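A short reminder: the numbers here are calculations on the coordinates, not readings from a lab. Remember, predicted model here, so these are calculated numbers, not experimental data. Neighbour counts are summed over all protein chains in view; Cβ atoms, including those assigned to glycine, are modelled from backbone coordinates with ideal geometry.
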Amino acid sequence: MAAITLTVNNKQYKIDVDPQMPLLWAIRDFVGLKGTKFGCGMAQCGACTVLMDGNPVRSCSTPVTAAANKKISTIEGLSDNLEHPVQQAWIEFQVPQCGYCQSGQIMTAVAFLKKNPNPTEEQIDAAMQGNLCRCGTYPRIRKAVKRAAELMKAKPF
Ligand code: FES
Ligand code: FES
C-alpha cells in the first residue's frame with residue numbers, strides 16, 4: 001500500500017491505496033466522485049477521461065501514483081452551476097442520449113478548446129475521435145464543441 005496525496009478539483013485527498021490502482025478507482029471509490037465512468041478499462045473508449053495538469057488522460061489505465069503531485073480535474077470540478085461554456089453548449093444542443101460517455105467527451109473537449117480556441121470541424125472530429133459514443137451523439141458533439149468555442153470567445157471562462 002502507498003500513502004498518496006491526490007489533488008482533485010483543487011482539493012487535496014490523502015489516500016492509502018495499492019500503488020498500481022488505476023486513478024479511476026481512486027477518484028470514484030476513495031475521493032468519492034462518480035462522474036468519471038468506467039467503460040472498457042483498456043484505454044480504448046475515453047469514458048474515463050480526466051485532466052491531469054490540463055491534459056486529457058485515460059484514468060482507467062493511469063496508475064494512481066502517476067497522479068501524485070499533479071492537478072486532476074474531473075467533470076465535477078468544471079463549474080458549480082453548469083456555467084462552463086462547454087457545459088452550456090452541451091445543454092443547448094441536448095448532446096447526451098444515455099449519457100454514459102459524456103463526462104469523458106466533455107473533459108476531452110475542455111482540454112482541446114484550451115489548446116485550440118478556434119477549431120475547424122475537421123479539427124474537432126480529430127480531437128474527439130478517441131472518445132466513443134455507443135449512442136452516436138457525434139453530430140451533436142461536433143456542434144456543441146463549435147458553440148463552446150464561440151461562447152468562450154464571447155466570455156472567457
Ligand atoms: S474506460 Fe478508460 S478508456 Fe475506456
Ligand atoms: S450518450 Fe450513450 S454512450 Fe454516448
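Order these by the 10 Å Cβ neighbour count, fewest first: Ser73, Ser59.
Fewest-to-most ranking of Ser73, Ser59: Ser73, Ser59.
Setting aside same-chain residues fewer than 8 positions from Lys155, which lysines have a Cα under 16 Å from its Cα?
Lys114, Lys146
What translational diffusion coefficient, to the nearest whole µm²/s, does the range 85-154 have by Stokes-Einstein, given a Kirkwood radius computed over alpha-carbon pairs, a temperature of 25 °C and 0.890 mPa s viscosity?
Rounded, D is 211 µm²/s.
Running Debye on the chain with equal point scatterers at the Cα sites and no solvent, what base-10 log of I(q)/I(0) appears at q = 0.10, 0.11, 0.15, 0.16 Å⁻¹?
Taking Cα atoms of the chain as identical point scatterers yields -0.34, -0.41, -0.74, -0.84.
In the structure displayed, which of Lys37/Lys143; Lys11/Lys115; Lys70/Lys143; Lys14/Lys143 lie more than 30 Å apart, Cα to Cα?
Values: Lys37/Lys143 23 Å; Lys11/Lys115 24 Å; Lys70/Lys143 32 Å; Lys14/Lys143 40 Å.
Among Lys37/Lys143; Lys11/Lys115; Lys70/Lys143; Lys14/Lys143, the Cα-Cα distance tops 30 Å for Lys70/Lys143; Lys14/Lys143.
How many nm separate the modelled label positions at Glu150 and Gln20, each set 7 Å beyond the Cα in the direction of the Cβ?
Going by the 7 Å Cα→Cβ label model, 5.0 nm.
At a 10 Å Cβ-Cβ cut-off, how would you order Val145, Val31, fewest neighbours first? Present the calculation step by step, with values, prior to reporting the outcome.
Numbers: Val145 29, Val31 20.
Fewest-to-most ranking of Val145, Val31: Val31, Val145.
What is the Cα radius of gyration of the range 2-75 over 2.2 N^0.38 Å, N being its residue count?
Relative to the rule-of-thumb radius for its length, the range 2-75 sits at 0.95.
Angle between the Cα long axis of helix 138-154 and the longest principal axis of the chain, 0 to 90 degrees, nearest 10?
90 degrees
Just want the ordering: Met152, Met107, Met52, from fewest to most Cβ atoms lying within 10 Å of their own Cβ.
Neighbour counts put them in this order, fewest first: Met52, Met152, Met107.
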